[in-house]
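The values are calculated or read from the model by the stated rules, or taken from the named source; none is laboratory data. No experiment lies behind these values; they were computed from the predicted model shown. Because the Cβ atoms are built from the backbone with ideal geometry, glycine has one as well, and the counts that use them run over all protein chains shown. Note: accessible area is taken over every heavy atom of the protein model, side chains too, but ligands, DNA and RNA are not part of it. Shrake-Rupley method; radii C 1.70, N 1.55, O 1.52, S 1.80 Å.
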Amino acid sequence: MGGVIQTNLARCRDCYSCVRACPVKAVRVHDAQAEVVQELCIVCGTCVRACPQGAKQVRDDRPAVEAALRQGRTVIASVAPSAPAFFDLTSFAPLQEAILALGFTAVSETALGAEMVGRAYGQLLTEGSLPRPVIATACPVVTSLVEVYYPDLLPHLAPIVSPMIAHGRWLRSRYGADACVAFVGPCLAKKAEIHDPAVGGVV
């Protein structure tokens, strides 16, 4: 599987905006075109926003979800709290109805995972078993930043998964291990996190 962010070489016009914008210098120039160095990329999306040509393209995972729906699998949507705001909705209900109309088995709010994670953090901090300061692992960009660039801080990372992963695990426990869980939200880094076999934690 390729990286989440790729360069469309036909659109890349040697402006190097992405090279200058990348906060971790994970974009290099090769044969006069900018390319993402996948093993250094933390999927923050800065290069995507900085590219004036639209040459930085984000992997489209919709075909996988569409295939699962065609196959008649149980497909559950985990919807981020920010989604209704993006669609300018005042409640979750219209979005839930629209997703169900597409053929999804169920729709649930990722905020449930945030509640699970919040309780886990409360227990972790009460126990005091981690060296302070404790670095929260709810954001996959922050977690990747520590793992790739600041390995000396690894002992400070909380051994707790993100709300998306916690919610996904809960959904699978409810709807079956073979259920297809599709996260609906704006975070590009979750596209990498959801496929990471190393994701673990206490939640």
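Listing for the model above:
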item: All positions within region 134-157 that are farther than 19 Å from Val37 by Cβ and either open to solvent by less than 50 Å² (accessible area, probe 1.4 Å) or not in a loop (DSSP other than H, G, I, E, B) (or both); result: Val134, Ile135, Thr137, Ala138, Val142, Asp152, Leu153, Leu154, Pro155, His156, Leu157
item: Residue in region 49-60 that is touching a residue at least 24 places away in the same chain (Cβ under 8 Å), under 18 Å from Ile194 (Cα atoms) and among the acidic types (Asp, Glu) present; result: no
item: Residue pairs meeting the criteria (Cβ under 7 Å; at least 6 apart or on separate chains; first under 19 Å from Ile194 (Cα atoms), in region 139-161; second outside any loop (DSSP other than H, G, I, E, B) and charged (D, E, K, R)); result: Pro140/Lys190; Pro140/Glu193
item: Cross-chain or 6+ apart pairs with Cβ under 6 Å, region 26-47 first and closer than 17 Å to Glu193 by Cα, then open to solvent by 20 Å² or more (accessible area, probe 1.4 Å) and assigned to a loop (DSSP other than H, G, I, E, B); result: Ile42/Val24; Val43/Leu188; Gly45/Leu188
item: Candidate set: region 158-170, residues that are among the small types (Gly, Ala, Ser) and either crowded, with 23+ Cβ neighbours inside 10 Å or under 13 Å from the mean Cα position of the chain (by Cα) (or both); chosen: the one nearest to Val141 (Cα to Cα); result: Ser162
item: Given (1) small (Gly, Ala, Ser); (2) at positive phi; (3) modelled with pLDDT under 95, number of the condition Gly72 does not satisfy; result: (3)
item: Residues being open to solvent by less than 40 Å² (accessible area, probe 1.4 Å), assigned to a helix (DSSP H, G or I) and touching a residue at least 24 places away in the same chain (Cβ under 8 Å) - total across region 95-115; result: 3
item: Matching option when the condition is out of contact with any Ser or Thr (no Cβ under 9 Å at 6 or more places or on another chain) and not aliphatic (A, V, I, L, M), among Thr126, Thr105, Thr74; result: Thr126
